[in-house]
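Notes to accompany the following structure.
The values are calculated or read from the model by the stated rules, or taken from the named source; none is laboratory data. Values in this document were obtained by computation on a predicted structure and should not be read as measured data. With ideal geometry, Cβ positions are generated from the backbone for all residues, glycine too; neighbour counts draw on all protein chains shown.
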Amino acid sequence: MIGEKHIMSVFDRDLETVQALVVKMGGMVESAIADAGLALETRDEELAEDVRRRDRGIDELEVQINEEAARLIALRAPRATDLRLVLTVMKIAGSLERVGDYAKNIAKRTHVLAHMAVVEGAGMALRRMAQTVETMLKDALDSYVHRDAALAADVRARDLEVDQMYNALFREFLTYMMEDPRNITACMHLHFIAKNLERMGDHATSIAEQVLYLVEGELPDEPRPKSDSVTASAEA
């Protein structure tokens, strides 16, 4: 009995270490979203380059989390509930890595857009969308830390707002391109940025769904609330 308690305490300590890495990774990704949005609106190429550089640290953390989680499974042989938690951690890390990649993609396109004519209001609108996604991600991670199913469900519902923002921007960019062909190249880059942000929202929603699975033992039965997309999915 004493031995079992000792093993469980070691498992809990190892698990806390992995979860702390997830929280750290989440903070880095939130900063990447915020800085990518700011760099885009202000045409700050130095900040955009910093976002690109920092993505390596996010990738390295995902590798470390997966290695620690695999070691924990191999050495501690967790029971069903604990195993579900470890697998959830790995899936959350995977979603965070993808969001970091999208932030890096936005930073890459910022370098190109900085040397093109300004599309009036686009930078501000995209930064507002980025702030919405950043808040979703923060709340999804908070729901994980506090095992808050209600907050996770709220994040899942908010994905509809991000879809609607994306659809509105797509129509706006299409109008700009039709009005003046000189806007086509810039608007195509802006469209891909909007799509990257929409995909970030999807991954924040995936994290929220993993929290619901962790707390309630099953994924939601009903499909995600989605706005009808005006264009096929595209990733940069």
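Looking only at the range 66-84, decide whether some residue is over 24 Å from residue 147 (Cα atoms), touching a His at 6+ places or on another chain (Cβ under 7 Å) and either aromatic (Phe, Trp, Tyr) or modelled with pLDDT of 85 or more (or both).
No, the range 66-84 has no match at all.
What about residue 141, is it farther than 23 Å from residue 204 by Cα, surrounded by 20 or more Cβ atoms within 10 Å (Cβ to Cβ) and touching a residue at least 24 places away in the same chain (Cβ under 8 Å)?
no
Within the range 144-151, does at least one residue satisfy the condition of being in a helix (DSSP H, G or I), in contact with a helix residue (DSSP H, G or I) (Cβ under 9 Å, 6 or more places away or on another chain), within 24 Å of residue 52 (Cβ to Cβ) and not basic (Lys, Arg)?
no
Please identify the pairs in which a residue from the range 177-201 that is of a type in the set (D, E, K, R) has its Cβ atom under 7 Å from the Cβ atom of a residue that is crowded, with 21+ Cβ neighbours inside 10 Å, counting only partners at least 6 apart or on another chain.
These pairs meet every condition: 195/166; 198/162; 198/166; 199/102.
So residue 160 ticks every box in (1) within 21 Å of residue 195 (Cβ to Cβ); (2) surrounded by fewer than 19 Cβ atoms within 10 Å (Cβ to Cβ); (3) out of contact with any Lys or Arg (no Cβ under 8 Å at 6 or more places or on another chain) but one. Which box is left unticked?
The one condition residue 160 does not meet is (3).
Answer with yes or no whether residue 83 is more than 17 Å from the chain's Cα centre (by Cα), surrounded by 19 or more Cβ atoms within 10 Å (Cβ to Cβ) and assigned to a helix (DSSP H, G or I).
It is false that residue 83 is more than 17 Å from the chain's Cα centre (by Cα), surrounded by 19 or more Cβ atoms within 10 Å (Cβ to Cβ) and assigned to a helix (DSSP H, G or I).
Considering only the range 148-172, how many residues are of a type outside the set (Gly, Ala, Ser) and either under 21 Å from residue 187 (Cα atoms) or at pLDDT below 95 (or both)?
Counting residues in the range 148-172 that are of a type outside the set (Gly, Ala, Ser) and either under 21 Å from residue 187 (Cα atoms) or at pLDDT below 95 (or both) gives 10.
List every residue pair whose Cβ atoms lie under 8 Å apart, where the two residues are 6 or more positions apart in sequence or sit on different chains, the first residue falls within the range 118-136 and is farther than 11 Å from residue 194 by Cα and acidic (Asp, Glu), and the second residue, located anywhere, is modelled with pLDDT of 95 or more and in a helix (DSSP H, G or I).
Pairs found: 134/30; 134/33; 134/34; 134/37.
Quick grid of which residues meet (1) at pLDDT below 95; (2) surrounded by fewer than 17 Cβ atoms within 10 Å (Cβ to Cβ):
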residue	(1), (2)
114	yes, yes
123	yes, no
137	no, no
145	yes, yes
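Does the range 61-74 include one or more residues that are in contact (Cβ under 8 Å) with a residue 60 or more places away in the chain and either in a helix (DSSP H, G or I) or of a type in the set (S, T, N, Q) (or both)?
Taking every residue of the range 61-74 in turn, at least one turns out to be in contact (Cβ under 8 Å) with a residue 60 or more places away in the chain and either in a helix (DSSP H, G or I) or of a type in the set (S, T, N, Q) (or both).
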